[in-house]
Every structure is written in structure tokens, then in C-alpha cells.
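See structure below.
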């Protein structure tokens, strides 16, 4: 956008574009990717493929919850003061993290492996619905006019850092918790 003097005028920082640099667009893209992998896991009959997909799911969800908790949620609570939505999201994350650790510590030879991944899928579907529904966290963030563009940039950078630390499927079983434990250990140093 240009002014009369020909200088470019930027959009206000509080109006985030609906593109890949928007924090909500980034989080929704993560949601869609994990939904796809859950669907593939459910259809798979190969233990190797299930391990690969569960590893992708666990890694992606660990990164996703980390960027939400470190960057998005603090900005959300500061902008909206909505403790109810914030606290519910944190509790849902805690439940998912426990199940992720269980999945990471086991493998397809565990009689309960498929059930664990299925329950995680159901937990994540509920969490996504809570965030994306018309009265949910994302709608409230937009109403509060959070700087979603700036947050999206911060979250994308942090996501890249975390993804560089991921544990491949071939190292997952018996890796004693993988990425989640490394993140927790790094935070306690």
C-alpha cells in the first residue's frame, strides 16, 4: 500500500494475513498433517509403517505443543486474559504428552500400541476442535487482534530448531522417550 508521497505503508501489526506466516495458519497446517498421518496409521497393516507413522505423529505433536506453550499460549493469555481456554489447552497438552511418552517407549509389538495411537488421535481431534471452532482459541486470538504474523515467524523458527532434534523411527523404540525427553532434559540444564 502506498501513501501520497510514494512511501510504502505497512499494514498494522495486529492485522495478520491469512498465509503461511500467520501463527494460526501454521498451527492449522500442523493439525491437517497429523490428521493425515493418523488416518494412514489406522489403515496400515505393516508394523514398520506403523512405527514410522507413530514416530512422525509423536515428533510433530511434541514440536507443535512446544511452540504453542512457549510462544502462542503466552501471547494468547496476555492478549485475551481468557484463563479458561488457556488452562484447558494446557491440561489437554499434558494428557497428550503422557500418551506420546507411552507410545514412544513401546512399539507395534506392544498389544496396546494401536489402541494408544487411536486414543491419542481422539484426544488430538478434540483439542483441534476446541482451538478451531467458531468460539475457540483461534477465533478469540483473531478478535483480540494478536500480532499473528510476528508470532508465526517466531513459531516457524522455533519449529525448525525443534525438528532438527527429532529422533528417526529406526532409533525410536527403546530410545527412552525420544524428542520429548531431550526437550525436558535441555530445559532442566
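Taking the Cβ of each residue in 99, 26 as the centre, tally the other Cβ atoms inside 10 Å and list the residues starting with the fewest.
In order of increasing Cβ crowding within 10 Å: 99, 26.
Given R₀ = 35 Å, what would the calculated FRET efficiency be for residue 164 paired with residue 139, taking r from the Cβ atoms and rounding to 0.05?
0.60
Report Rg(Cα)/(2.2 N^0.38 Å) for region 23-187, keeping two decimals.
So region 23-187 has a normalised radius of gyration of 1.03.
Measuring from label point to label point, each 7 Å out along Cα→Cβ, what is the residue 122 to residue 79 span in nm?
According to this spin-label approximation, the distance is 3.3 nm.
Which distance in nm do the two modelled labels at residue 150 and residue 28 give, with both placed 7 Å along the Cα-to-Cβ direction?
2.3
Given Cα pairs under 8 Å that are at least 6 residues apart, what percent is the relative contact order of region 23-187?
Result for region 23-187 is 35 percent.
What distance in nm lies between label points placed 7 Å from Cα along the C-beta direction at residue 36 and residue 49?
In this crude spin-label approximation the distance works out to 1.6 nm.
So for each of 132-139, 62-69, 145-152 I average, over its residues, the number of other beta carbons within 10 Å; can you give me the resulting order with the highest mean first?
Highest-to-lowest ranking by the protection proxy: 62-69, 145-152, 132-139.
Read-outs: derived from the displayed coordinates by stated rules, not from any lab. Treat the numbers as computed from the prediction; the structure is a model and nothing was measured. So basically every Cβ, Gly included, is an ideal-geometry build from the backbone, and we count neighbours across all protein chains shown.
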